[in-house]
Amino acid sequence: MLQAFRGAAGSLVVKVLFGLLLVSFLFFGVSDVLRNRGLDQNVATVGGDKIATVDLDREFRRELERVRRATGGGAFDAATAKRLGLLDQTLERMIDDRVLLRAAQDAGLVVGDAQAVQLIRQQQAFVDPTTKQFDRFRMIQMLQQAGFTEQSFVEATKRDLTTGLLLDAMAGGPAAPGLLVDDLYRARAERRVAETLTIKNDSATGIAEPTDAQLTEYHQAHAVAFTRPELRTLTSLVLTPDSFLGQIEVSDEDLKGAYEARRTEFVKPERRKVEQVVLSDKAQADALLAAAKGKSLADAAKQLKAPAPVTIDAAAKEELPDVLQAPVFDAAKNVVAGPVQSALGYHVFVVTDIAPGGEIPFDQAKAKLLDETKRERAADRLIEQSQKLDDRLAGGASLDEIANTVGATPVKVGPVDAQGRGADGKPVANVAPDLLRTGFGLKQGETSNLVESGDARYIVVRADTVTPAVLKPLAEVKAEVVAAWKGEQRAEATRKKASALVEKANAGATLASLSKEAGSTLVTTQPFDRAGLLANAAPTAAPVVPREIVAKLFDSKAGVVTSADTADGVVIARLTGIVPADLAQAGPQLAQAKQEVERSIANDRAALFIKALRARYPVEIDRIALDRMYGANAE
């Protein structure tokens, strides 16, 4: 909630609820380990309201999946995330949400179902990319993947809308201090000029061959680099709605009922393309309407030096402002009409194209309804069966017995390491991250619980064999060890050479006079910013100086020579010029700095507000229950 407030309180629901939904759709079911440790317990209370362990588990696993996606941490498990503080952070966020909701409710703020449903139907995530219309089945699929029912999602939306109303009241506040904004802009817009020499590690010569003793020592000291990772062979069973599609039957009567219940989805609204000019003065609007007789709206606007028309492309009636709906949809094609007054001014418009609406009959909608209904029921069957299968696993049923029950075929993979690579170090095809996460949390011969994963799927994994990680013998990797040892020797030689050149330069020698000794060409940069980029460069552009030395150059005084290691050598640089920011040329960058300062102030204000609310609604955390969550191999 607090993170959304940093952006804009007015977009709270979109940034928190739907942002969280779309970024974190994949999360894991609750393991038996957790259930056996008191899933029915409460982990915290907020003003008397309880936060259950099961609720924290659900939110924590969403956050865990988000972190895994962001970091590529395929085997990043729950226990590790807990040690790094993710569980505590998730609980703190939930507590913040609860105190805000309590405060909003006590202030009498209420949001009804209709408002929540309207917002949900507007979300692009639930729009069919082909029809451009709200797709209920698409929504249901996405909600099931996130662990929501339709009603629970409506309730969650209502809660976020309610707290959004509370935060909207705080959205205003003092303007960002001008001096602070100016200083921030100056710091960001300042640019620097430098001359550089780059010495590559590969240029180092005279590196002797290592002795056997040196190789042995290096091999042992860098054992991680030369260790063959743990390898496992795994058997998995994957259950998805498709696993049950063949068992689903839908009668024509059911399809007709679904058609009637969803009739509005099969009505294609009339759409109109409109060109409009909005003027602040009615007399000007009347004059424009008169001038448009016998000519286009664009020509009439140009004649009167009015703004050029703006196009509204293929809008349905309900997508227009209320005051424009009837006038636009009553207007004849290619006839300039108006003026119509709205809060924005006086609208003079012309309808340039009309796409007729209509209703899709049942016979044409039947195939779509059949497919969606079967998939919806298959998803329900999956959830229903998953609970039964999980109980059977807990009762000792084997993976193969579970497979026979649902008519599915187990799949064997491996040997594979925790990153999805085979014994040869190459990626193994068709190995999903959830398979690795689950499989590498098991002992040899052990079968997992039924684990809920992304894309409306459940998996069961058995660890068939476990081959422990082992340091490869020196004889096997001698060439790799020699290459790595020599690489370090070259890098050290390059650093020493660069250090000597920096000392000479700071004693008075020019970099130009040292370029031959450095074996490098002197380069004088164009003015660059704190990211090492030129003015107006794309964020993905390559820096004009290595990023490793940019910060040093911005901390240096003119004339000082410094150096920094890079991935393949050392860069030496002298700061030769400072280009201060020009406030007169700031443009949108100054406005951006102002917005960031205002967001920062708003964030601080929100933090203080939540701190005060925590005093009003006392927070108690059961550290014992929290500490019991997720053991060493919890997943």
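The values are calculated or read from the model by the stated rules, or taken from the named source; none is laboratory data. This one's a predicted model, so the numbers in the text were calculated from it and none came from an experiment. As a convention, Cβ positions derive from the backbone with ideal geometry for all residues, glycine included, and neighbour counts pool all protein chains shown. Accessible surface is based on the protein model in full, side chains and every heavy atom, while ligands, DNA and RNA are left aside. Shrake-Rupley method; radii C 1.70, N 1.55, O 1.52, S 1.80 Å.
Where the centroid of each part is defined by its Cα atoms, how far is region 231-258 from region 486-557 in Å?
60 Å
Give, in nm to one decimal, the length gained when the segment between Glu253 and Lys472 is fully stretched (0.36 nm per residue of separation minus the Cα-Cα distance). Kindly include the intermediate steps, with their values, before the conclusion.
Numbers: separation 219, 0.36 × 219 = 78.84 nm, distance 6.70 nm.
The Glu253-Lys472 span can extend by a further 72.1 nm.
Skip the ligands, DNA and RNA, and give the accessible area per residue of region 242-350 with a 1.4 Å probe, whole Å².
Details: 6250 Å² over 109 residues.
For region 242-350, the solvent-accessible area averages 57 Å² per residue.
Measure up Lys50/Lys82; Lys256/Lys412; Lys132/Lys256; Lys516/Lys552 against 32 Å on the Cα-Cα distance and list the ones that go over.
Working: Lys50/Lys82 21 Å; Lys256/Lys412 43 Å; Lys132/Lys256 23 Å; Lys516/Lys552 24 Å.
Those over the limit are Lys256/Lys412.
Could you pull out every one of the lysines with an alpha carbon less than 17 Å from that of Lys295, ignoring same-chain neighbours closer than 8 positions?
Partners within reach: Lys305, Lys333.
Set the Förster radius R0 to 25 Å, insert the Cβ-Cβ distance between Ser513 and Ala221 as r into 1/(1 + (r/R0)^6), and round the FRET efficiency to 0.05.
Details: r = 40 Å, r/R0 = 1.59.
The computed FRET efficiency comes out at 0.05.
Which percent of the accessible heavy-atom area of the chain goes to carbon and sulfur, probe 1.4 angstrom? If you can, show how the numbers build up before the last one.
On the way: 17170 of 32820 Å².
Percent of accessible area from carbon and sulfur atoms in the chain: 52.
Determine the dipole magnitude for region 401-477: charges of +1 sit on the beta-carbon of Lys and Arg, -1 on that of Asp and Glu, nothing else is charged, the reference point is the Cα centre, and the result goes in debye to the nearest 20.
Numbers: 8 positive and 9 negative charges, 26 e Å.
It works out to roughly 120 debye.
Just how large is the dipole of the chain about the Cα centre, in debye to the nearest 20, putting +1 at every Lys and Arg Cβ and -1 at every Asp and Glu Cβ? The partial results should precede the final answer.
Details: 80 positive and 85 negative charges, 321 e Å.
About 1540 debye.
Amide H to amide H, which residues 5 or more places from Thr227 or on other chains are under 5 Å from it, using H placed in the peptide plane?
Lys472
Could you point to the residue in Val111, Ala194, Ser243 farthest towards the positive end of the chain's charge dipole, with +1 and -1 charges on the Cβ of Lys/Arg and Asp/Glu respectively?
Farthest towards the positive end: Ala194.
So if each residue of separation counts as 0.36 nm, and I subtract the Cα-Cα distance between Glu319 and Thr521, what length gain in nm does that give? Don't skip to the answer; put the middle values down first.
On the way: separation 202, 0.36 × 202 = 72.72 nm, distance 6.21 nm.
Taking Glu319 through Thr521 to full extension adds about 66.5 nm, to one decimal.
Enumerate the calculated ³J(HN,Hα) couplings along region 49-60 in order (Karplus 6.51 cos²θ - 1.76 cosθ + 1.60, θ = phi - 60°), each rounded to whole Hz, writing x wherever the residue is Gly or Pro.
With the stated coefficients, region 49-60 comes to 7, 9, 10, 6, 4, 5, 5, 5, 4, 5, 5, 4 Hz.
Using modelled backbone amide H atoms (1.01 Å from N, in-plane), which distant-in-sequence or interchain residues come within less than 5 Å of Gly569's amide H?
Residues meeting the amide H criterion: Asn201.
Taking amide H atoms as placed 1.01 Å from N in the peptide plane, list the residues 5 or more away in sequence, or in a different chain, whose amide H sits under 5 Å from that of Gly577.
Val193
Considering the dipole of the chain built from charges on the beta carbon (Lys and Arg +1, Asp and Glu -1) around the Cα centre, which of Thr311, Ala261, Gln444 is farthest to its positive end?
Thr311
Quick check on region 372-517: take the gyration tensor over C-alpha atoms, sort the square-rooted eigenvalues as a ≥ b ≥ c, and tell me if it's rounded (a/c under 1.5), prolate or oblate. Display every interim value, and only then the final one.
On the way: a/c = 4.69, a/b = 2.61, b/c = 1.80.
Prolate, because a/c is 1.5 or more and a/b exceeds b/c.
Which whole-number percentage describes the relative contact order of region 486-635, with Cα contacts under 8 Å and a sequence gap of 6 or more?
On the way: 101 pairs, mean separation 24.7, N = 150.
Over region 486-635, the number comes to 16 percent.
What FRET efficiency would be calculated for the residue pair Ser600, Arg93, taking the C-beta separation as r and a Förster radius of 22 Å, to the nearest 0.05? Each step should come with its number before you reach the end.
Details: r = 19 Å, r/R0 = 0.87.
It comes out at approximately 0.70.
If you stretched the chain out fully between Asp281 and Asp380, how much longer would it get, using 0.36 nm times the residue separation minus the C-alpha to C-alpha distance? Each step should come with its number before you reach the end.
Details: separation 99, 0.36 × 99 = 35.64 nm, distance 5.85 nm.
Full-extension gain reported as 29.8 nm.
Suppose each label sits 7 Å from its Cα in the direction of the beta carbon; what would the Leu84-Asp582 distance come out to in nanometres?
4.5 nm
At 1.4 Å probe radius, can you tell me the per residue accessible area of region 426-560 in Å²? Numbers along the way, then the final one.
Details: 7330 Å² over 135 residues.
Counting only protein heavy atoms, the per-residue value for region 426-560 is 54 Å².
Using +1 at the Cβ of each Lys and Arg and -1 at the Cβ of each Asp and Glu in region 358-478, identify which of Ala423, Gln364, Ile383 lies farthest towards the dipole's positive end.
Ala423
Under a plain spin-label model, where a point goes 7 Å from the Cα along Cα-to-Cβ, how far apart in nm are Lys486 and Arg228?
2.6 nm
Count charges around Ala573 for me, please; just the other residues with Cβ under 9 Å from its Cβ, Lys/Arg as +1, Asp/Glu as -1.
Values: positive: Lys552, Arg574; negative: Glu195.
Cβ neighbours under 9 Å give a net charge of +1.
For the modelled label position 7 Å from the Cα of Ala290 along Cα-to-Cβ, which residues of region 324-348 have backbone nitrogen atoms closer than 12 Å?
Hits in region 324-348 for Ala290 at 12 Å: none.
How big is the charge dipole of region 340-439 about its Cα centre, in debye rounded to the nearest 20, if each Lys and Arg gets +1 on its Cβ and each Asp and Glu gets -1 on its Cβ? Walk me through the numbers before you get to the answer.
Values: 12 positive and 15 negative charges, 47 e Å.
Result for region 340-439 is approximately 220 debye, rounded to the nearest 20.
Suppose R0 equals 35 Å. What FRET efficiency, 1/(1 + (r/R0)^6) with r the Cβ-Cβ distance, do Thr405 and Arg623 give to the nearest 0.05?
Numbers: r = 41 Å, r/R0 = 1.18.
The calculated FRET efficiency here is 0.25.
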